[in-house]
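**Q** One structure, pasted below without further comment.
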Amino acid sequence: MLDDCVFCRIIRGEIPAAKVYEDGENLVFRDIKPAAPVHFLAVPKRHVARLADCGEADAGLLSSLLLAAGRAARRENVGDFRLIVNDGAGAGQTVFHLHAHILAGPGLTEKLL
Ligand code: 5GP
Ligand code: ZN
């Protein structure tokens, strides 16, 4: 937990967020500035800055995060969805607490890759 990390503050309940899913290790909430009809953020409760910082010791955290993202999408009935991780400032990361964007809804059929 970092004092000044916005996602740690959401996890601690210091900043409100529209939560859609929670388990012991993860929180999923709506992005404050949605870029798609459905836009959730899946974050681990333990502060990890970015994927490139993760090692073997974080394997459990990472698998749990992916499972939580899938579970949240299923429970919210979002249909097909896209998962995006911006890892590092050069890739567009602005909040340095690992998170996966869950994007869904009409208009996502155009493929980036
Ligand atoms: P990044 O640009 O790091 O991949 O994604 C960070 C995301 O966090 C952005 O889509 C931004 O809109 C979202 N965000 C930043 N601050 C807050 C906040 O206080 N609450 C919520 N719900 N989302 C936030
Ligand atoms: Zn954090």
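**Q** Between rounded, prolate and oblate, where does the range 1-58 land on the alpha carbon gyration tensor, with a ≥ b ≥ c its root eigenvalues, rounded for a/c under 1.5, else prolate if a/b exceeds b/c?
**A** prolate
**Q** List the relative contact order of the range 1-49 as a percent without decimals, with contacts defined as Cα pairs under 8 Å and 6+ residues apart. All intermediate terms of the calculation are to be shown ahead of the outcome.
**A** Working: 57 pairs, mean separation 15.1, N = 49.
Answer for the range 1-49 is 31 percent.
**Q** How much net charge surrounds Ala18 when only other residues with a Cβ under 13 Å from its Cβ are counted (Lys, Arg +1; Asp, Glu -1)? Please report the intermediate quantities before stating the final value.
**A** Details: positive: Lys19, Arg30, Lys33; negative: Glu22, Asp31, Glu76.
That works out to 0.
**Q** Run the accessible area of the range 6-104 with a 1.4 Å probe and give the carbon-and-sulfur part as a rounded percent.
**A** Ligands and nucleic acids excluded, carbon and sulfur reach 53 percent.
**Q** Moving on. Would any residue of the range 36-51 have its amide N under 18 Å from a label point 7 Å out along Cα→Cβ of Leu83? List them or say none.
**A** The answer is 38-46, 48-51, whose backbone nitrogens lie closer than 18 Å to the label point.
**Q** In nm, to one decimal, how far is the Arg74 label point from the Leu113 one, both placed 7 Å along Cα→Cβ?
**A** Placing both labels 7 Å along Cα→Cβ, they lie 2.3 nm apart.
**Q** Still on this structure, please answer the following. For Arg46, what accessible area in Å² do you get when you roll a 1.4 Å probe over the heavy atoms of the protein chains, rounding to the nearest 10?
**A** Its accessible surface works out to 120 Å², give or take rounding.
**Q** So, taking all protein chains as they sit and a 1.4 Å probe, how much accessible area belongs to Leu112, in Å² rounded to tens?
**A** 140
**Q** Shifting gears a bit: May I ask you to list the lysines whose Cα is less than 27 Å away from that of Lys45, ignoring any residue fewer than eight positions away on the same chain?
**A** Partners within reach: Lys19, Lys33.
**Q** Something else now. Could you please report the charge total around Cys8, scoring K, R as +1 and D, E as -1 over all other residues with beta-carbon less than 12 angstrom from its beta-carbon? Show your work: numbers first, answer last.
**A** Values: positive: Arg9, Arg12, Lys45, Arg46; negative: Asp3, Asp4, Glu14.
Combined, the nearby Lys, Arg, Asp and Glu give +1.
**Q** In addition: Using alpha-carbon pairs under 8 Å, 6+ residues apart, how would you state the relative contact order of the chain in percent?
**A** Relative contact order for the chain comes out at 30 percent.
The values are calculated or read from the model by the stated rules, or taken from the named source; none is laboratory data. Model, not experiment: these values are computed from the prediction. Every residue, glycine among them, receives a Cβ derived from its backbone with ideal geometry; neighbour counts consider all protein chains shown. Just so you know, the surface numbers come from the protein's heavy atoms only, side chains and all, with ligands and any DNA or RNA stripped out. Shrake-Rupley method; radii C 1.70, N 1.55, O 1.52, S 1.80 Å.
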